1. For the residue pair Ala26 and Asp371, what label-to-label distance in nm results when each label sits 7 Å from Cα along the Cα-to-beta-carbon direction?
2. Pop the C-beta distance of Met204 and Lys387 into the FRET formula with R0 = 30 Å and round what comes out to the nearest 0.05.
3. For the stretch 155-194, go through all pairs of different Cα atoms, get the mean of 1/r, take its inverse, and jot down that Kirkwood value in Å.
4. For the stretch 295-378, divide the Cα radius of gyration by the Kirkwood radius and give the resulting Rg/Rh value with two decimals.
5. Under 1.5 on a/c is rounded, so check that first for the stretch 150-302, then, if it is not, pick prolate when a/b is larger than b/c and oblate when it is not; a ≥ b ≥ c are the square roots of the alpha carbon gyration tensor eigenvalues.
6. Would you calculate the separation in nanometres between label points at Cys14 and Arg176, each defined as 7 Å from the Cα along the Cα-to-beta-carbon direction?
7. Placing +1 at every Lys and Arg Cβ and -1 at every Asp and Glu Cβ, with all other atoms neutral, what dipole size does the chain have around its Cα centre, in debye to the nearest 20?
8. Which order do Trp46, Trp189 fall in if you start with the one that has the fewest other Cβ atoms within 10 Å?
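Computed from the coordinates by the stated procedures, all read-outs in this text should not be read as laboratory data. What you are looking at is a predicted structure, and each value in this text was computed from that prediction instead of being measured. All Cβ positions, even for glycine, are placed from backbone atoms using ideal geometry, and neighbour counts span all protein chains on display.
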Amino acid sequence: MMRKLFFTLFLVSCSVKPHYSQPETAVPETYRFAPENISEYVNFAWWEQFQDPVLAELIRTALKYNQNLQTATATVNQYYAKYQVAFSQLFPQINVQADAQRNKLPTNTPPVYSFFQLFGNLAYELDFWGKLRSSAEAAHASYMAQVNSRFNVILSIVSALAKGYILLLQYDDQLRVAQKTSQSFFDMWKIAKLRFEAGVISEMDLKQAEAQMEDAQVLVKTYEGLIPVQEDLISILLGAAPAPIPRGKSLAELQIPEKIPAGLPSDLLANRPDILQAEQNLISANAQIGVARAQLLPQFLITGRDGQEALQLHNLLRNLNNFFNSQLEVLEPIYTGGSLTGQLHETEAFFLANLHTYQQTVLNALQEVSDGFINYQTSQKVLEVQKKEINALEEYVRLSKLRYFNGQTDYLTVENSQQTLFAVELSAETTQGTVLASLVDIYTALGQGWDVEADYCEKCADPSPVWEAIFP
């Protein structure tokens, strides 16, 4: 009963904080370039669709040990503590104080005497203009902004790890292509050497074959260097020292989902943690205007003291000398040299800056989704063409070698056909990786997955059971 009466005292008082409503944003009804295989939005662990248990385990490990996520969690705890401090100012501040004195007085009086006091202090600011509530609301919004910032870190880690793993598999495949082609070039060089020794071809043809073999070896060594560098990057995301990374399926074996659960563009406002963070920052800035406005108005403070005093310690608790005082202080700013007005203008400008940041964040999200759709569909079409091109080039290489061995063409034709096939095969592996990476980009842009695999954070949800009662 007393709690309800206490909170009613807050609610009947005036508040000079501006009313907040979610800003209007230019969100279209449908996505541009959305693929046909789109479905309703459902937040889920999208990386499991690849059906690679190794990738899923790597992501679980990263969410447990990644250092950036640990930092983000600590920051959430820090802002939670700031919110607790601001929220505590809504309640009376009570403390107990004990004093003991030993005094020497002038002549004609007892030379030395002791004096003891035990009393309680109370201080309570009447939040008539909503200054303390606005301050608590600003702290709460800042805290929730950090909660969403942590979720954004989770989303970034999952995205970076998935794309890093895809790139690692891509390098594996490209290394295999380079090794296969290098072996083919080596076999051609041995044949060219025998034909040169037999006087069938010139030394120039032999050197061309040798150069082609060495050129392939350069790419073999290049990918052999890229793979451990990529493993080191993934290790750091896992919160571990550089080490080899296990593989599950090959790049071509990773499953592509039949449908992409994109939902509607308006869903981004509730699903993207960076948009949620930007809006919480806006709510905090709006509440700070209320604090700055209240500073221009009279402040009411109730203070009180109740206790005991005695000249001897054993008499302190006998209620022989009680004392009590209370007072109401009113502080009205008259002249501050423009300081308080300047603070109000600062908070208003800060709110506008956060408003435009929020709107820009929404626009960036729409662009990222649209770009993801474009890259995904374009890379799929390019990959289809490249596969057909590879089939044609493989036949071309076979025919060019046949004609070369029959003396119907020179070695330059064979070399060009093999080099072209080699380049297209490497490019096709890159495109295959781009298809999967762009799919990751789409899920990231949609804000999916972060509230499914996020490790437990004790203070990453609204902690106040009375928050709705005070801020309906």
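1. If labels sit at Ala26 and Asp371, their model points lie 1.8 nm apart.
2. Working: r = 35 Å, r/R0 = 1.17.
E between Met204 and Lys387, to the nearest 0.05, is 0.30.
3. 12.2
4. A ratio of 1.52.
5. Note, shape of the stretch 150-302 comes out prolate.
6. Between Cys14 and Arg176, the label points sit 7.6 nm apart.
7. 1440
8. Going from sparsest to densest Cβ surroundings: Trp189, Trp46.
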